[in-house]
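I have placed the structure first, in the form of structure tokens, so that the comments after it can refer back to it.
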Amino acid sequence: MVLLPRRLLRADWFSPPKQNILLVDTPSAASEIAFMLGGEWDGCNSVVLDKCDEVAVNTAASLIQAQWCYAGAEVTYLARLTANELLRRYQAGERNFTNANLRGISLDSDNLNAINLSWAKLTGATLQQTNLTYADLTAADLTATNLSLANLSRTTLAMGNLARANLSQANLTGANLYRACLRNADLTQADLTGANLTLADLTGANLNEAKLTHANLTGTKIQLLDE
């Protein structure tokens, strides 16, 4: 092996080749771009291309008003999805909204049964009385979200961030809250019957009159509030 002096080494020799994996702001846009460019859609936000022509990608993205970047880019742009757009697409049969930007969205009393909102950003959203039964909210950011009276029965909230969330009178029967963060959450009169709270963090949470019958509390952090 020949060693070159440091002054003769070019920085770009050590730069990894540009990947042909694209991240698109919505799953539906990723599907359309994959179809237009002959790529492979992964069912979520990624498109794999044999050869990436940025002009072609930009043209395809502009036609459907989508945003994209290379996988591994430092900043991934995700346009905020409005409530009307989300409901329109849900009613049209779309269920996969992985990684969606829904910060501050208001969806009071809507039906979103079996929707996939894994890794979605829902900080400060209002989902009061919303039906989210069998929804997938794995690792979703629900910080300070209003979920009071929401139906979260059989919903997956594993590894979700529900710090300071309002879950008062919410139906969480059979919900999966494995490793979920519920610090300082309001669970007043919430029904957690049969819920999986393994390794969940309930430090500072208000559990006044909450139902925990048959709930799995293995490794759960609970700090009762002072009366």
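Some points to look at:
The rows are residues; the columns are (1) modelled with pLDDT of 95 or more; (2) of a type in the set (S, T, Y); (3) assigned to a loop (DSSP other than H, G, I, E, B).
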{"site": "T138", "(1), (2), (3)": "no, yes, yes"}
{"site": "L149", "(1), (2), (3)": "yes, no, yes"}
{"site": "S153", "(1), (2), (3)": "yes, yes, yes"}
{"site": "G174", "(1), (2), (3)": "yes, no, yes"}
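- Number of positions in the range 99-127 that are within 19 Å of D191 (Cα to Cα) and in contact (Cβ under 8 Å) with a residue 24 or more places away in the chain: 0
- Residue match in the range 154-171 (condition: farther than 24 Å from E209 by Cα, basic (K, R) and open to solvent by 10 Å² or more (accessible area, probe 1.4 Å)): no
- Some residue of the range 88-101 being buried (at least 18 other Cβ atoms within 10 Å of the Cβ), at pLDDT 80 or above, over 22 Å from A135 (Cα atoms) and aromatic (F, W, Y): no
Okay, residues lined up against (1) more than 17 Å from D25 (Cα to Cα); (2) of a type in the set (A, V, I, L, M, F, W, C):
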site	(1), (2)
S62	no, no
W68	no, yes
L149	yes, yes
S153	yes, no
M159	yes, yes
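The values are calculated or read from the model by the stated rules, or taken from the named source; none is laboratory data. Predicted, not measured: the structure shown is a model, and the values here were computed from it. Neighbour counts run over all protein chains shown; Cβ positions are idealised from the backbone, glycine included. What goes into the accessible areas is simple: the full protein's heavy atoms, side chains included, and nothing from ligands, DNA or RNA. Shrake-Rupley method; radii C 1.70, N 1.55, O 1.52, S 1.80 Å.
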